[in-house]
Amino acid sequence: MSKIVLITGTSSGFGKDTALTLKAAGHRVFGTMRGINGKHAEVARELQAKGIELIELDVTDDASVDAAFKSLFERTDGKLDVLVNNAGRMVQGVSEAVTTEQTRQMFDVNVLGIQRVLRAALPQLRKNGSGLVINIGSILGRVTIPFLGLYGATKFAVEAMTESYRYELSQLGIDVVLVQPSAYPTSLYEEIGASDVSREHEYGAVADVSKAFNTYISGLLSGPDAPNSHDVAEEIARLTVTPAGQRPARVVVGNGFGADAVNTAVAPIQSGMINAIGMAALETLKVA
């Protein structure tokens, strides 16, 4: 059955690939991005030529998000089956050398951006009594790699908010799933490094470890055996058509570096806590 899907951050990477994949599968896809008629005009034309409907949306701007969903629901008569929160930002480097402003920007996109989108979308989804929210997290929301700690902090936050929303929306018929990709060759890894270069230099040989790690990742993601980022789009496509009540709370895509083991270990602890505080009913999605 064809679904109505909205995906944030479709100008590149997972978002663009997912939009094209879901459209090819027969779904009605709305892609969002900044600069449809500006910096992203070329990719916008490419997506539109494939039948993807575009809406201007900046996840860091409340008014932009609200206007985007107003436009969406006017065009779909209030319908939305799947919402994919994909937009993201990354900064790499010695954590102390990442400025407060860089940190704020990451949290604004990766965490507050999801909150803005959900606040705009959920009133209509609750009215509809159904829907699927897919948040794109990261294995770095479960395991920590040095020099990516502040980015990881945003993804740990996405873990918590996704889990909480999953419980809070379960009795309203809305499913919430977290996709945890590993490292894949996307534009996310082309983001800028830490801005305070002088502070980074003070770390001496430790800063060299950061640079060596970046070289390693670049080689991993560009070599002949580089992982295929299409894996993420395929997983989202699978979740889109999986019947309500049968989807996992989390799914690792790619080499989890132990994140899948953390998921397995934490699940019974989390469930036990929910049962202990008398909220067991929230663990099961209410399906109409």
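What residue, among those in segment 1-28 that are of a type in the set (A, V, I, L, M, F, W, C) and in contact with an Asp or Glu (Cβ under 7 Å, 6 or more places away or on another chain), is surrounded by the most Cβ atoms within 10 Å (Cβ to Cβ)?
Val5
When you scan segment 157-189, how many residues do you find that are farther than 20 Å from Ser210 by Cβ, in a helix (DSSP H, G or I) and touching a Lys or Arg at 6+ places or on another chain (Cβ under 9 Å)?
Qualifying residue count for the region: 5.
If I go through segment 8-26 residue by residue, how many of them are within 11 Å of Glu53 (Cβ to Cβ) and either touching a residue at least 60 places away in the same chain (Cβ under 8 Å) or among the basic types (Lys, Arg) (or both)?
Number satisfying all stated conditions: 2.
Mind listing just one residue for me: the one in segment 208-244 that is polar (S, T, N, Q) and part of a loop (DSSP other than H, G, I, E, B) and, of those, surrounded by the most Cβ atoms within 10 Å (Cβ to Cβ)?
Going through the qualifying residues, I end up with Ser229.
Does Arg247 satisfy the criteria of being assigned to a helix (DSSP H, G or I) and at pLDDT 95 or above?
It is false that Arg247 is assigned to a helix (DSSP H, G or I) and at pLDDT 95 or above.
Name the one entry in Ala288, Ala249, Ala244, Ala226 that is touching a helix residue (DSSP H, G or I) at 6+ places or on another chain (Cβ under 8 Å), more than 20 Å from Met161 (Cβ to Cβ) and in contact (Cβ under 8 Å) with a residue 24 or more places away in the chain.
Ala226
Restricting attention to segment 276-288, and to residues there that are under 19 Å from Gly245 (Cα atoms) and not charged (D, E, K, R), which single residue is surrounded by the most Cβ atoms within 10 Å (Cβ to Cβ)?
That would be Leu285.
Quick one: which residue in Asn275, Asn263 is in a helix (DSSP H, G or I) and under 13 Å from Glu163 (Cα atoms)?
Asn263
Is it the case, given these coordinates, that Val241 is modelled with pLDDT of 95 or more, among the aliphatic types (A, V, I, L, M) and either farther than 26 Å from Ala121 by Cα or over 25 Å from the mean Cα position of the chain (by Cα) (or both)?
no
So, in segment 129-171, how many residues would count as being out of contact with any Gly (no Cβ under 7 Å at 6 or more places or on another chain), farther than 22 Å from Asp260 by Cβ and crowded, with 16+ Cβ neighbours inside 10 Å?
The number of residues fulfilling the criteria is 4.
Just to be sure, is Thr103 touching a Leu at 6+ places or on another chain (Cβ under 9 Å), under 30 Å from Lys286 (Cβ atoms) and at pLDDT 95 or above?
no
The values are calculated or read from the model by the stated rules, or taken from the named source; none is laboratory data. All values derive from a computational prediction rather than experimental measurement. Using ideal geometry, Cβ is built from the backbone for each residue, glycine included, and neighbour counts are taken over all protein chains shown.
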